[in-house]
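Novice: A single structure is presented below for examination.
The values are calculated or read from the model by the stated rules, or taken from the named source; none is laboratory data. Quick caveat, the model's predicted, so the values are computed rather than measured. No Cβ is skipped: glycine too gets one built from the backbone with ideal geometry, and neighbour counts run over all protein chains shown. These area figures cover heavy atoms from the full protein model, side chains too; ligands, DNA and RNA do not enter into them. Shrake-Rupley method; radii C 1.70, N 1.55, O 1.52, S 1.80 Å.
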Amino acid sequence: YEEYQKAILLMEKAWKAVGACSMRQSFVEGDDVLGYLAHHAEDRLVIATFDNDMLALSGVNPQGHQVDVWVDGRVNVNKYGDFAFKHVTLYKALVGDSSDGIKGWAGFGAKSWDVFRLTYGDEGLDYLHGLLEAGSLGALHAQRDEDKLVRMICDQEKQVMNSYQLALIHHEWVNTRNLALEINAGMCLPLSDETDSRLAPWAGKSWLVSRGNFAERSAFCLQQFARSPFVALDIETSTPPESDEWLVNQ
């Protein structure tokens, strides 16, 4: 664990050196932090990951902005099947996922999911999702004798609830009154011996500006200013009138 923490800090340092920001919070998973970011983003967002669970975040967030999820080179592609991204969490809860320690419902596999979805459609999935969100399958028990799959779900209600909570992305646990989200801003630094070669194209650049290259550098700065509505200027010195007069005569 000690070496793992060192690796995280080194990776964070490398990313921040090319202007990236880091977000972290204790006692929650990285999925939850990304879920919070996706839920509150005030601009278009792309989440790059190798975790298919994050596909549940694809779509338009409550702020009205598009959230796309890149998974292993493909954007917004549901590997679990041809169904809405919002049902990925429900799929994981029903079918299970050994890599995340989610048992799912005994005897309910991918084929059972297909049968259930074809039988009840998206409305049925939405209805089941609503019951799980409410924390009880009570209303579903009245239909337990009408369908084998419904009976299977009802007979394992506790297991169902546990699997759903494990699969769920809990954005509401992030940035609470007791646990604040930690955001660290990076700043582009010039190339150094520590710069990862793969990040070199995004490293910072610096020039000594003189009368000979002032016009060229000014044009470059104006191009960069046009790329963003926000520009940070670090003005370190100012000169008195007698210095201005001296500079004009040089």
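Novice: Among the residues of the range 91-112, is there at least one that is touching a strand residue (DSSP E or B) at 6+ places or on another chain (Cβ under 9 Å) and acidic (D, E)?
Specialist: Among the residues of the range 91-112, not one is touching a strand residue (DSSP E or B) at 6+ places or on another chain (Cβ under 9 Å) and acidic (D, E), which makes the answer no.
Novice: Among the residues of the range 179-203 satisfying the criterion of being small (G, A, S) and exposed (fewer than 10 other Cβ atoms within 10 Å of the Cβ), which is farthest from V231 (Cα to Cα)?
Specialist: S197
Residue-by-condition table, conditions (1) assigned to a helix (DSSP H, G or I); (2) modelled with pLDDT under 80; (3) among the basic types (K, R); (4) under 14 Å from E157 (Cβ atoms):
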site: A93; (1), (2), (3), (4): yes, no, no, yes
site: G104; (1), (2), (3), (4): no, yes, no, yes
site: F108; (1), (2), (3), (4): no, yes, no, yes
site: K111; (1), (2), (3), (4): yes, no, yes, no
site: Y120; (1), (2), (3), (4): yes, no, no, no
site: G130; (1), (2), (3), (4): yes, no, no, no
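Novice: Considering each residue of the range 9-61, count those that are touching a helix residue (DSSP H, G or I) at 6+ places or on another chain (Cβ under 8 Å), among the β-branched types (V, I, T) and outside any loop (DSSP other than H, G, I, E, B), and give that number.
Specialist: Going through the range 9-61 one residue at a time, the tally reaches 2.
Novice: Does S206 satisfy the condition of being farther than 30 Å from V33 by Cβ, open to solvent by 70 Å² or more (accessible area, probe 1.4 Å) and among the small types (G, A, S)?
Specialist: Yes; evaluated as a whole, the condition is true for this residue.
Novice: A follow-up question, please. Could you grab me the full set of residues in the range 132-141 that are over 16 Å from R151 (Cβ atoms) and part of a helix (DSSP H, G or I)?
Specialist: Of everything in the range 132-141, those that are over 16 Å from R151 (Cβ atoms) and part of a helix (DSSP H, G or I) turn out to be L132, E133, A134.
Novice: Scan the range 156-163 and give yes if some residue there is modelled with pLDDT of 85 or more and touching a helix residue (DSSP H, G or I) at 6+ places or on another chain (Cβ under 8 Å), otherwise no.
Specialist: No.
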